[in-house]
Amino acid sequence: MDSRSVLAALDEAGLRGMGGAGFPAARKWRAVLAQPGPRHLVVNADEGEPGTFKDRWCLETDLPRVLEGMLAAAHVIGAEACWIYLRDEYPEIRAALELALPRLTALGVPHPPVHLRRGAGAYVCGEETALLESLEGRRGYPRHKPPYPGESGLFGRPTLIHNVETLWWLPEILADSEAPARFAAAGRNGARGRRLVSLSGRVARPGVYDAPAGITARELIEEFGGGMAEGHRFAAFLPGGASGGILPARLADRALDFGALDDLGCFVGSGAVVVLSDRDDLAAAARNLVRFFRDESCGQCTPCRVGTAKASQLLDAPRWDRALLGELAAAMADGSICGLGQAAMNPVLSLLRHFPEEALP
C-alpha cells in the first residue's frame, strides 16, 4: 500500500493513539509528513501508568507484530531512524529485542536503523516530550508546547511518537481492503474500533483483554473479568489508571471511550481499568495515588512539585478541606507544564464530586 492508501485506511478504521491522549493517528502522521525531512519514529514503551500493562503484553506475546507495525509507520513517514524507548523494568523484553532487531537485517527486511534505549524508571518520561529529552541525553523534563514533536521533536526534527499498542493494531488494520471497516465496526455505544484493556483490581480474572472501544466497565467486568472476585461487591472503578479519576459503580454503564467521560471529570487514558470493592477504602486509594504523583513529579514546575506535596499533606488530615483542595487542584491544572501535574488531583476531585460526603474524611 502507498502512503495515501495507508492514511485512508487509518481514517476509515478510526485508529487513535492508545497511549492516553487518543489523538487520531492519521492526522498525527499527516502533521509529521507536512514537515521537511529527515524525520524520526519513536516507540514509547515506557509504560509507567499504575494499572497499565498492555504494552508489556503486546511485546511479550507477539513482538514481531509490534515491529511490523513500527516498520510500516516508519515507511509511511519516511523515517531515517526508529527509536524504541523501553521501560527498564522489562529486562526480558529488552533481551528479546536485542535478539530480534539484528534478525531483521539478517532476514533481509528493509528498514531504517533501529535504536533501543532504556528508560531509567521515571514515570514522567512516559510523557512524549520528557521522553525526547531523555533520548537526547538530558534530564527527563517535559517541554513547553508548541512546537509539538511532529514539528520539532527528536534532535529538532519532525518526529512521530506512538505507544506500543497503537503500532500493534497496524498489521491488522492494513491486512486487506476490508480490514479497516471491520476494525471500526467492532466498537460499541457509538465508538469505533477495539483496544487492549488492562483490567485489574477486585475481579475474578484480571489481565489484558482485546475489547470493543466504548465497552462499559460493567460489561468489561462481567464479559471479560469473570465478575467480581469472591466476597467482593462492586463499589467503584478507575476508568483510566491513576490519573483518570475514580467513579462509583452506579456510573459503570457509561461507555469507556475517548471523551465519553469528560462531563464526569474523568477519562479513559491508556485503558487501565482498576476495579474497587466494598472492602476498599476509597480515601486511602486517593491518598496513595497522590503520593505516587508526588514521588514521580520531575520537579521542573512549581505547581506540580509543590502542589503534589501540599495535596498529600492535606489528604492526611482527619478532615479534608474541600475548598482548599479544589483551589489547589485548579492551580495545578492551570499552571503545570505536563499532564502529571494537570491530572494529579483527578482522583481526589472525582471522589469529592461523585461520592457521598459521609464516605470521605
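The values are calculated or read from the model by the stated rules, or taken from the named source; none is laboratory data. Predicted, not measured: the structure shown is a model, and the values here were computed from it. With ideal geometry, Cβ positions are generated from the backbone for all residues, glycine too; neighbour counts draw on all protein chains shown.
Right, Val273: farther than 21 Å from Ala329 by Cα, out of contact with any Ser or Thr (no Cβ under 6 Å at 6 or more places or on another chain) and buried (at least 18 other Cβ atoms within 10 Å of the Cβ) or not? Break it down into steps so the answer makes sense when it comes.
On the way: farther than 21 Å from Ala329 by Cα: yes; out of contact with any Ser or Thr (no Cβ under 6 Å at 6 or more places or on another chain): yes; buried (at least 18 other Cβ atoms within 10 Å of the Cβ): yes.
Criteria met by Val273.
If Val348 satisfies every condition in (1) surrounded by fewer than 23 Cβ atoms within 10 Å (Cβ to Cβ); (2) over 24 Å from Cys125 (Cβ atoms); (3) touching a residue at least 24 places away in the same chain (Cβ under 8 Å); (4) not polar (S, T, N, Q) but one, which is the exception?
(1)
Hey, could you check the stretch 173-202 for residues that are assigned to a loop (DSSP other than H, G, I, E, B) and charged (D, E, K, R) and say which is nearest to Glu219 (Cα to Cα)? Write out each step before concluding.
Taking the stretch 173-202 and keeping what is assigned to a loop (DSSP other than H, G, I, E, B), we get 174-178, 186-193, 202.
This time we only want the ones that are charged (D, E, K, R), so: 176, 178, 188, 192, 202.
Details: Asp176: 30, Glu178: 28, Arg188: 11, Arg192: 17, Arg202: 15 Å.
Filtering the stretch 173-202 for residues that are assigned to a loop (DSSP other than H, G, I, E, B) and charged (D, E, K, R), the one nearest to Glu219 (Cα to Cα) comes out as Arg188.
Please verify whether Leu261 is buried (at least 20 other Cβ atoms within 10 Å of the Cβ), closer than 15 Å to Thr216 by Cβ and without any contact (Cβ under 8 Å) to a residue 24 or more places away in the chain, treating the condition exactly as stated.
For Leu261, the condition - buried (at least 20 other Cβ atoms within 10 Å of the Cβ), closer than 15 Å to Thr216 by Cβ and without any contact (Cβ under 8 Å) to a residue 24 or more places away in the chain - is met.
For Ser297, state whether it is small (Gly, Ala, Ser), surrounded by fewer than 22 Cβ atoms within 10 Å (Cβ to Cβ) and farther than 20 Å from Gly187 by Cβ. Working first, answer last.
Details: small (Gly, Ala, Ser): yes; surrounded by fewer than 22 Cβ atoms within 10 Å (Cβ to Cβ): no; farther than 20 Å from Gly187 by Cβ: yes.
Spelling it out, it is not the case that Ser297 is small (Gly, Ala, Ser), surrounded by fewer than 22 Cβ atoms within 10 Å (Cβ to Cβ) and farther than 20 Å from Gly187 by Cβ.
Consider the stretch 107-140. How many of its residues are modelled with pLDDT of 95 or more, within 23 Å of Glu68 (Cβ to Cβ) and β-branched (Val, Ile, Thr)?
Going through the stretch 107-140 one residue at a time, the tally reaches 1.
Which of the residues spanning the stretch 330-360 are part of a loop (DSSP other than H, G, I, E, B) and within 20 Å of Leu238 (Cα to Cα)?
Within the stretch 330-360, the subset part of a loop (DSSP other than H, G, I, E, B) is 336-338, 344-345, 355-356, 360.
Within the stretch 330-360, Ala344, Met345, Phe355, Pro356, Leu360 qualify.
Which ones in the stretch 245-279 are farther than 21 Å from Gly14 by Cβ and part of a loop (DSSP other than H, G, I, E, B)?
Answer for the stretch 245-279, where residues must be farther than 21 Å from Gly14 by Cβ and part of a loop (DSSP other than H, G, I, E, B): Gly245, Ile246, Ala252, Asp253, Gly265, Cys266, Asp278, Arg279.
Tell me, please, whether a residue that is within 21 Å of Gly339 (Cα to Cα), modelled with pLDDT of 95 or more, part of a loop (DSSP other than H, G, I, E, B) and not hydrophobic (A, V, I, L, M, F, W, C) can be found in the stretch 152-172.
As a first pass, look at the stretch 152-172 and keep what is within 21 Å of Gly339 (Cα to Cα): 152-154, 159-166.
If we keep only those that are modelled with pLDDT of 95 or more as well, we get 152-154, 159-166.
From what's left, part of a loop (DSSP other than H, G, I, E, B): 152-153.
After this cut, where a residue has to be not hydrophobic (A, V, I, L, M, F, W, C) as well, the list is 152-153.
Yes: the stretch 152-172 contains one or more residues that are within 21 Å of Gly339 (Cα to Cα), modelled with pLDDT of 95 or more, part of a loop (DSSP other than H, G, I, E, B) and not hydrophobic (A, V, I, L, M, F, W, C).
Just give me the residues in the stretch 150-165 being over 18 Å from Leu116 (Cα atoms), touching a residue at least 24 places away in the same chain (Cβ under 8 Å) and buried (at least 17 other Cβ atoms within 10 Å of the Cβ), in sequence order.
Scanning the stretch 150-165 gives Gly150, Arg157, Pro158.
Quick check on my filter: what residues within the stretch 31-52 are over 23 Å from Ser297 (Cβ atoms) and either among the small types (Gly, Ala, Ser) or within 10 Å of the chain's Cα centre (by Cα) (or both)?
Within the stretch 31-52, Ala31, Ala34, Gly37 meet the criteria.
Does Arg139 qualify as being basic (Lys, Arg), touching a residue at least 60 places away in the same chain (Cβ under 8 Å) and farther than 25 Å from Gly22 by Cα? Working first, answer last.
Details: basic (Lys, Arg): yes; touching a residue at least 60 places away in the same chain (Cβ under 8 Å): yes; farther than 25 Å from Gly22 by Cα: yes.
So Arg139 passes the test.
Those residues that are out of contact with any Phe, Trp or Tyr (no Cβ under 8 Å at 6 or more places or on another chain) and either free of Cβ contacts under 8 Å to residues at least 60 places away in the same chain or under 13 Å from Ile221 (Cα atoms) (or both), I need them from the stretch 237-254; list them, please.
Phe237, Leu238, Arg250, Asp253, Arg254
Picking from Gly214, Gly231, Gly193, Gly207, which residue would you name as being outside the structural domain of Gln342 (by TED's automatic domain parsing), surrounded by fewer than 17 Cβ atoms within 10 Å (Cβ to Cβ) and farther than 23 Å from Phe355 by Cβ? Steps first, please.
Numbers: Gly214 fails: surrounded by fewer than 17 Cβ atoms within 10 Å (Cβ to Cβ); Gly231 fails: farther than 23 Å from Phe355 by Cβ; Gly193 fails: surrounded by fewer than 17 Cβ atoms within 10 Å (Cβ to Cβ).
That would be Gly207, the only listed residue that is outside the structural domain of Gln342 (by TED's automatic domain parsing), surrounded by fewer than 17 Cβ atoms within 10 Å (Cβ to Cβ) and farther than 23 Å from Phe355 by Cβ.
Only residues that are over 20 Å from Arg205 (Cβ atoms) and either without any contact (Cβ under 8 Å) to a residue 40 or more places away in the chain or in contact with a strand residue (DSSP E or B) (Cβ under 7 Å, 6 or more places away or on another chain) (or both): list them for the stretch 271-286, please. Before you say what the answer is, go through the steps one by one.
So the first thing to find is which residues in the stretch 271-286 are over 20 Å from Arg205 (Cβ atoms), and the list is 281-286.
Hits for the stretch 271-286 are Asp281, Leu282, Ala284, Ala285.
Applying the selection to the stretch 204-236, what residues are assigned to a loop (DSSP other than H, G, I, E, B), closer than 18 Å to Lys54 by Cβ and of a type outside the set (A, V, I, L, M, F, W, C)? Can you show your working first?
From the stretch 204-236, those assigned to a loop (DSSP other than H, G, I, E, B) are 204-206, 213-215, 225-227, 229-233; that's our starting set.
Within this subset, residues satisfying the condition of being closer than 18 Å to Lys54 by Cβ are 205-206, 213-215, 225.
The answer is Arg205, Pro206, Gly214, Gly225.
Of all residues in the stretch 45-67, count the ones that are surrounded by fewer than 18 Cβ atoms within 10 Å (Cβ to Cβ) and either in contact with a Lys or Arg (Cβ under 7 Å, 6 or more places away or on another chain) or acidic (Asp, Glu) (or both).
The qualifying residues number 2.
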